[in-house]
């Protein structure tokens, strides 16, 4: 005879309502679950049946949009590809992403991150612009391999939540934006390398990184942002030594 | 009126002591062990410059049990530093593309570690041979 009693798991969620709470505090929910339910579905179950005021971000439910990043038992993960069955018997601690200001419950402020992404020219800047008549910019599969993993970033910010140096210096450009920078700077069609290097000098650029490497371990898309940051340390150092020889600095 | 009041949780002060950051902390502390070993060698050089008596007392220190324990501990930390350093080596390098395909990071780590082991063994063998010859 099969056990018809539904399984439940305790989710301990860090709650924060800016108009009521002085600081965040844990709230506990017993959620009925099945083996195919993700943490995100658990949160949706709470919002639908237990507490409609619970705030969290989500969209695609399949690790593509990067909206539902949160700390699950202390590790940054996407709620949609983390399953409750793997966390049983619980309790499961669910907190907003570490190192980011909390807006409400599991929702964090993303404005600074978006500004960092905008600052590194996140688009191909052709070396020599072509007209439509001249045709397209060509690339071999080998040339594409050089940046392909960096193009997989979904801006979920898990790498920022895992980075202790970003925690210590919120102005550090951080792993995610550097992965995007590397995606464009290592594109064979691109000519914007120098403009991007100018953006990542100093402590707030690549130099806050101490190669902790956990950013790459928590990345749900295997982007390897640690590789992007550390490649650009060598480039930034070389740029520093060569900067005195460049034409534009002689004046 | 906006009721926004973003709350920033401070980073735990002892983040470096807990997994997954502990391995990183140990790797970096191994660098301190290397600096200590360099200081021991430097002390030898200074003793050499100060004369035969000073160098003899330095050699007596090297032969003491305390010195052997220190050197054994330094050897272990140095080996660990080597292993972990080559583990992060592929993260610091440009991506290698060979015939249109990415070279796996594990292959880079293994190749570099192998070269380091061969060089170390070669150096040790040379030192033993030259030492016996002299």
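Has the stretch B:39-48 got at least one residue that is more than 14 Å from chain A (Cβ to nearest Cβ), surrounded by fewer than 13 Cβ atoms within 10 Å (Cβ to Cβ) and in contact with a helix residue (DSSP H, G or I) (Cβ under 6 Å, 6 or more places away or on another chain)?
The answer is yes; a qualifying residue exists.
Scan (1) within 14 Å of chain A (Cβ to nearest Cβ); (2) part of a helix (DSSP H, G or I); (3) at pLDDT below 95 for the single condition residue B:120 breaks and write down its number.
Failing condition for residue B:120: (1).
From the residues in the stretch A:146-162 that are touching a helix residue (DSSP H, G or I) at 6+ places or on another chain (Cβ under 7 Å), more than 10 Å from every other protein chain (Cβ to nearest Cβ) and touching a residue at least 40 places away in the same chain (Cβ under 8 Å), which one is surrounded by the most Cβ atoms within 10 Å (Cβ to Cβ)?
The selected residue is A:159.
I'd like the residue in the stretch A:215-224 that is surrounded by fewer than 22 Cβ atoms within 10 Å (Cβ to Cβ) and in contact (Cβ under 8 Å) with a residue 60 or more places away in the chain and, out of all such residues, is farthest from residue A:152 (Cα to Cα).
Per the criteria, the residue is A:218.
List the number of the failed condition for residue A:98; all other conditions in (1) surrounded by fewer than 18 Cβ atoms within 10 Å (Cβ to Cβ); (2) in contact with a strand residue (DSSP E or B) (Cβ under 9 Å, 6 or more places away or on another chain); (3) part of a loop (DSSP other than H, G, I, E, B) hold.
(1)
Looking at the stretch B:72-89, can you tell me whether even one residue there is in a helix (DSSP H, G or I), within 12 Å of chain A (Cβ to nearest Cβ), touching a helix residue (DSSP H, G or I) at 6+ places or on another chain (Cβ under 6 Å) and under 21 Å from residue A:142 (Cβ atoms)?
No: zero hits.
In contact (Cβ under 8 Å) with a residue 60 or more places away in the chain, over 27 Å from residue A:109 (Cβ atoms) and in a loop (DSSP other than H, G, I, E, B): is that true of residue A:90 in this structure?
yes
Failed condition for residue A:86, given (1) under 24 Å from residue B:11 (Cβ atoms); (2) not assigned by TED's automatic domain parsing to the domain that holds residue A:219, with all others met?
With (1) under 24 Å from residue B:11 (Cβ atoms); (2) not assigned by TED's automatic domain parsing to the domain that holds residue A:219 applied to residue A:86, the lone miss is (1).
Which is surrounded by 16 or more Cβ atoms within 10 Å (Cβ to Cβ) and over 16 Å from the mean Cα position of the chain (by Cα), of A:247, A:233?
On inspection, the qualifying residue turns out to be A:233.
Can you tell me which of (1) outside any helix (DSSP H, G or I); (2) under 15 Å from the mean Cα position of the chain (by Cα) is the one residue A:113 doesn't meet?
(1)
In the stretch A:187-214, which residues are within 14 Å of chain B (Cβ to nearest Cβ), closer than 22 Å to residue A:144 by Cβ and buried (at least 20 other Cβ atoms within 10 Å of the Cβ)?
Correct list: A:187 only.
Restricting to helices (runs of 4 or more DSSP H) lying wholly in the stretch A:132-251: which have 3 or more residues that are closer than 19 Å to residue A:63 by Cα?
By residue number, A:158-162, A:174-185, A:214-218.
May I ask you to verify whether residue B:55 is more than 30 Å from residue A:187 (Cβ to Cβ), assigned to a helix (DSSP H, G or I) and either away from every other protein chain (no Cβ under 11 Å) or touching a strand residue (DSSP E or B) at 6+ places or on another chain (Cβ under 6 Å) (or both)?
It is true that residue B:55 is more than 30 Å from residue A:187 (Cβ to Cβ), assigned to a helix (DSSP H, G or I) and either away from every other protein chain (no Cβ under 11 Å) or touching a strand residue (DSSP E or B) at 6+ places or on another chain (Cβ under 6 Å) (or both).
Tally time: how many residues in the stretch A:73-93 are closer than 14 Å to residue A:156 by Cβ and crowded, with 19+ Cβ neighbours inside 10 Å?
Filtering the stretch A:73-93 down to residues closer than 14 Å to residue A:156 by Cβ leaves A:75-82.
Keeping just the survivors that are crowded, with 19+ Cβ neighbours inside 10 Å gives A:76-80, A:82.
Qualifying residue count, the stretch A:73-93: 6.
The values are calculated or read from the model by the stated rules, or taken from the named source; none is laboratory data. Keep in mind the model is a prediction, meaning the values are calculated, not measured. A quick note on method: Cβ atoms are made from the backbone with ideal geometry, for glycine too, and the neighbour counts reach across all protein chains shown.
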